[in-house]
Every structure is written in structure tokens, then in C-alpha cells.
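Undergrad: Mind having a look at this structure? Questions to follow.
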Amino acid sequence: MDPSAGQESISLHRRDLITTAFGAGLGTVFAPTNSQAAGPLLRALGDLKGDVEEELAYVLALECYVYGFPLVMMDATRAVMTAASKSEQYKAPINQFGRMRTYVDPDFKDCVRISVNSLWAFSFIDLDKEPFVYSQPDTQGRYIVMQALNMWTDDFASAGSRTTGTRAGDFLIVGPKWSGVAPNGIKQTFRSTTRYASVLVQIACDSSTEFAAVNKLQDQLQLTPLSAWGKPYTPRSDVPIDTSVNTTATPYDQVRLMTGEMFFKRLAAALKDNPPYPDDAKTIDKLKRIGIEVGKDFEPSELDPAILRGINRAPAEVWYKLETGPYTAPTVNGWQGALNIGRFGTDYTTRAFIAWFGLGALTSDDAVYPTAFVDGDGNVLDGAAKYVLHLEKDEIFPSESGIWSVSPYRENFYVRNAINRYGITSAMPIKYNPDGSLDIYIQAQSPGADKEANWLPCPPSLPFNLSVRVYQPKTALKDGTFKIPPVRRVRSS
């Protein structure tokens, strides 16, 4: 017999042997034995030991990458958006509000999919030393929603129109260590499970003519350290900037470009201040199996090279799934959406997808985000084509607030267009048909002067997607009873 025949057979069935190793468990496969009959198999598996270890590390790293993705994305976003000495429109020091004075610039990419229904204020706060008091003004009935998220992207606070009303109010935001008593006058106390938290405030703004009025309301949004509460307090305008923060790449690109070892080093560091939930115990055990322990630095140099190879293969596969998954996901009339946003539990897959797709999204009580990557026939939305979204009068996004929008994106970002329009919104002077129905024309070029009021410019080529936002959605939108009509491609006559 050809002495190479056995090795050729092993080569042909390496994947099967690796799978067998997984099924038996590494300890069993590589356990010593005196059985002469087992010799050839063990020698074969011994030759494959590095492959088995790499494959096992790869499988574990895939799962652990998905688990840790929101925390790493939030941590990168925190670092970049707080790299400022004073409050600005798109950055602000830790514990201060940044205030977007106009609708978001389409070229702003430090955060994904910011809506054009509202003007935004944003902050990251450090709750390690003390709580903060969040104060909002009386908006005189104007829609407002404040949300606070922990670093795992779970919402732990909602204040404003739906929950506490539009009158002025003060709310206490506390960290996991705090055990004090809220001062008098505090409407409600919200607790973050993580040291850092993100506070986002949206105030409805119907058009650019309202910028000045909304800016005055934004100026009255305050974050005050509890130790300064009841005293004159002005945030610093000369905060030292952490020069180690990379501001040459967006948080999105930073995470996308990280190797596996870079990602898990960032995750291990973030876990020190932002602990996992008790229900995460199984995944925390899997992290330990590839060298990451809560409370400790991750040291790739201490790992077996095979394990490190497996870890470094994981990011590309996860990003591939994030980018391609929406095109094959189940849809209703081409639309898809998650209803457990902001309260994910152990649904790590949805949590990771939302961190990639819509970091900082509200819970379904405050908003829903149906999204279409395909048209009603299941074909990918193409910027070179023309589409119409037709809504009958009773199909126009049921909402308690009456606020909704439809926006186009290439991947997760706006693409600048000639008329500077990045959404069709409920507040715009759109034209309804005589029967009360609505047609939205989705295409790169003008549909004609008579239809331009309802024109939603999409990117001029390549795949794009649409996100609907409905604030304070009615029950029918949350329980699946209401179905958004499909986006229909306009065929050339």
C-alpha cells in the first residue's frame, strides 16, 4: 500500500475529524490511551490538534464576538464622541450634553441612522463617583423623549411625552454602586447596571423654521452632578481631551477594522467597568475558554497560536452576516423589524444587529423601526431604479403621537443629495391624494415638479434600504396586526 494513502485520506476528511473532535470533546479526543487499535486514529487526530483548537476557538469567538459587539461599539462611540474640551454640535465631554442645532448633517457618521424628525441632544455620563440629575424644560406640549441606555444597549429610562409628560422635571440617574436617597423634587430615579450610560434626547422639530425655538429648549436640558444639585453649576469648557482616542476613524469603522485580538482586548477592558448580567454566565464561561476573563486584561501573546488564529477569523464572518443577513431575513411585504429593542435579555443576535444597524434605538413603546432591504417582490432595492410606497388612508403608520418618517440609507448612513432631503416626515407639506391616500416616490432623480413634494431621494446606484420610524406606535404596529404595504418598483412603460 502507498504509504501516503492514509495521509491523503486524512486530508480528504479533515473537517469530519474536526467535527468528531468537537463531538467527543477535546479532553476525550486527546486523552492518553493504551489501546493499540486506537493508535492510527489518535495519530491522525494528533496531527490535526492545531486545526481542532483553531476551529473550536473560531466557533467560540463567533458567539463571543456577537455577545460583546454592542459593548465594544458603545465604548468606541463613547470615546470618540466625548473627545472634546467643551460642548459642541457633534461632540461633548463626558457628563455634558452635545446639542445638534439643526437636522443631522448627512456626512456625520460617528453614529448610525440618526432621524430627521427631531433635533437631538446626547451625552455619555460616568456614574462611578456619583449620580447625575437630568433636567428637562416644559416643552409646551412639543413632543420630547429622553432615553438612557446602559453600555449593553438596554434602555433603563424613558421620560417625556409618553411616560412623564411634557412639563418640566428633574430625574436622577444612578450607577450600580449607588445606594443613597434621591433629594426632594426628583420625579423618578433610573438605575444603570453599568458605570457608563448614554443619555439621548429627541425634541420634535417640524421644519428649519422651528430650529430657534427647539434650540432654546435644548439649552435648558441639563446634567448636574448630584453633589452640585441645588447650587450654581456650569459645566467646564476646558476639559482635557484624551489624546489616546482615535478620532481619525468613526466608531463604526474602528470596530469593523479591528482584528479579533484587538476586539477582545477592547471587550476585556470595557467589561471591567460595565459588568455582564447574571444571565450571561454561560457566555462568560465561553469567553474564558478563549482567554478572556471579566476583570482582567486580555493577553493574546499568552494564547496558543491556533486559538489566536481562530479568534482572528471571527470578525470578518460576523460582519459578513450583519451585512448580508437582512437580505435573506423573513419579511412581511418586504419589511422587517425587531420589537425587543432596548430590552434584549439573552437575545444576543438581535442586540448585536441593532448595535450595528441602529445604535441607540428606542424601545417599541416609544418607537418602532420597520425596515426594507427588498421590494415587495423580494428583489434588492436598487438606487438605479424607481419605486413607490403607496399608503391607503388607513395605512398611514398608526401612531399616538402622529409623528413618523421614511428615510433612505446606503448601508447605515445617509448619502448626500441635491435637495438635502433625508426623509419624508409627517410634518412636511406632502401631498395626499383626494381619497386621503399617500404616494411616496423613492428614486434618485426628480419624479417631476408635480410629485416633488413627496419625493424621497435615494442613493443614485447600488443597494439601499429604507427605515420607517413611528413614534409612540399604536398597538397594531407592535403586535403585528398592522402590515406596511410593500415598496413597488416602477416598471418602464
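Undergrad: Run S364 past the list (1) surrounded by fewer than 18 Cβ atoms within 10 Å (Cβ to Cβ); (2) among the polar types (S, T, N, Q); (3) farther than 21 Å from R488 by Cα and report the number of the one that doesn't hold.
TA: Among (1) surrounded by fewer than 18 Cβ atoms within 10 Å (Cβ to Cβ); (2) among the polar types (S, T, N, Q); (3) farther than 21 Å from R488 by Cα, the lone unmet condition for S364 is (1).
Undergrad: What pairs can you find where one residue is in the stretch 458-469 and assigned by TED's automatic domain parsing to the domain that holds T371, the other is in a loop (DSSP other than H, G, I, E, B) and among the hydroxyl-bearing types (S, T, Y), and their Cβ atoms are less than 8 Å apart, with a gap of 6+ or different chains?
TA: S467/Y369; V468/Y369; R469/S115; R469/Y369
Undergrad: Name the single residue that is surrounded by the fewest Cβ atoms within 10 Å (Cβ to Cβ) among those in the stretch 308-320 being farther than 11 Å from F264 by Cβ and aliphatic (A, V, I, L, M).
TA: At the first step, the residues of the stretch 308-320 found to be farther than 11 Å from F264 by Cβ are 309-310, 313, 316-320.
Of the ones still in play, those that are also aliphatic (A, V, I, L, M) are 316, 318.
Values: A316: 12, V318: 19.
Restricting to residues being farther than 11 Å from F264 by Cβ and aliphatic (A, V, I, L, M), the top hit is A316.
Undergrad: Also, quick follow-up: Quick check on my filter: what residues within the stretch 169-212 are closer than 30 Å to G423 by Cβ, aliphatic (A, V, I, L, M) and without any contact (Cβ under 8 Å) to a residue 40 or more places away in the chain?
TA: Matches in the stretch 169-212: A212 only.
Undergrad: Looking at Y441, is it modelled with pLDDT of 95 or more and under 23 Å from the mean Cα position of the chain (by Cα)?
TA: No.
Undergrad: From the set of residues in the stretch 208-267 that are acidic (D, E) and touching a strand residue (DSSP E or B) at 6+ places or on another chain (Cβ under 9 Å), which is nearest to K288 (Cα to Cα)?
TA: D219
Undergrad: I'd like to verify a number: residues in the stretch 73-125 that are of a type in the set (D, E) and touching a Gly at 6+ places or on another chain (Cβ under 8 Å), how many?
TA: The number of residues fulfilling the criteria is 1.
Undergrad: Tell me the residue from S179, S237, S244, S227 that is under 28 Å from the mean Cα position of the chain (by Cα) and either surrounded by 19 or more Cβ atoms within 10 Å (Cβ to Cβ) or not in a strand (DSSP E or B) (or both), please. Steps first, answer last, please.
TA: Values: S179 fails: under 28 Å from the mean Cα position of the chain (by Cα); S237 fails: under 28 Å from the mean Cα position of the chain (by Cα); S227 fails: under 28 Å from the mean Cα position of the chain (by Cα).
Among S179, S237, S244, S227, only S244 is under 28 Å from the mean Cα position of the chain (by Cα) and either surrounded by 19 or more Cβ atoms within 10 Å (Cβ to Cβ) or not in a strand (DSSP E or B) (or both).
Undergrad: So, one more: State all residues of the stretch 254-268 that are without any contact (Cβ under 8 Å) to a residue 60 or more places away in the chain, out of contact with any Leu (no Cβ under 9 Å at 6 or more places or on another chain) and not in a loop (DSSP other than H, G, I, E, B); if no residue qualifies, say none.
TA: Correct list: L257, M262, K265.
Undergrad: Go through the stretch 344-374 and give me each residue that's in contact with a Leu (Cβ under 6 Å, 6 or more places away or on another chain) and under 20 Å from N454 (Cβ atoms).
TA: Once the filter is applied, which keeps residues that are in contact with a Leu (Cβ under 6 Å, 6 or more places away or on another chain) and under 20 Å from N454 (Cβ atoms), the stretch 344-374 yields only A372.
Undergrad: Then there is this: Restricting to the stretch 122-157, and then to whatever is of a type in the set (D, E) and surrounded by fewer than 22 Cβ atoms within 10 Å (Cβ to Cβ), can you tell me which residue is farthest from V174 (Cα to Cα)?
TA: Per the stated criteria, the residue is D138.
Undergrad: So which residues in the stretch 70-126 are small (G, A, S), part of a helix (DSSP H, G or I) and in contact with a Lys or Arg (Cβ under 9 Å, 6 or more places away or on another chain), if there are any at all?
TA: A76
Undergrad: Does D138 fit the bill of being without any contact (Cβ under 8 Å) to a residue 40 or more places away in the chain, part of a loop (DSSP other than H, G, I, E, B) and either acidic (D, E) or in the same structural domain as A270 (by TED's automatic domain parsing) (or both)?
TA: yes
Undergrad: Now for a different question. Taking the conditions exactly as written (hydroxyl-bearing (S, T, Y), in contact with a Phe, Trp or Tyr (Cβ under 8 Å, 6 or more places away or on another chain) and at positive phi), does T153 satisfy them or not?
TA: yes
The values are calculated or read from the model by the stated rules, or taken from the named source; none is laboratory data. Since we're looking at a predicted model, the values are computed, not measured. In this analysis, Cβ positions are derived from the backbone assuming ideal geometry, glycine residues included, and neighbour counts consider all displayed protein chains.
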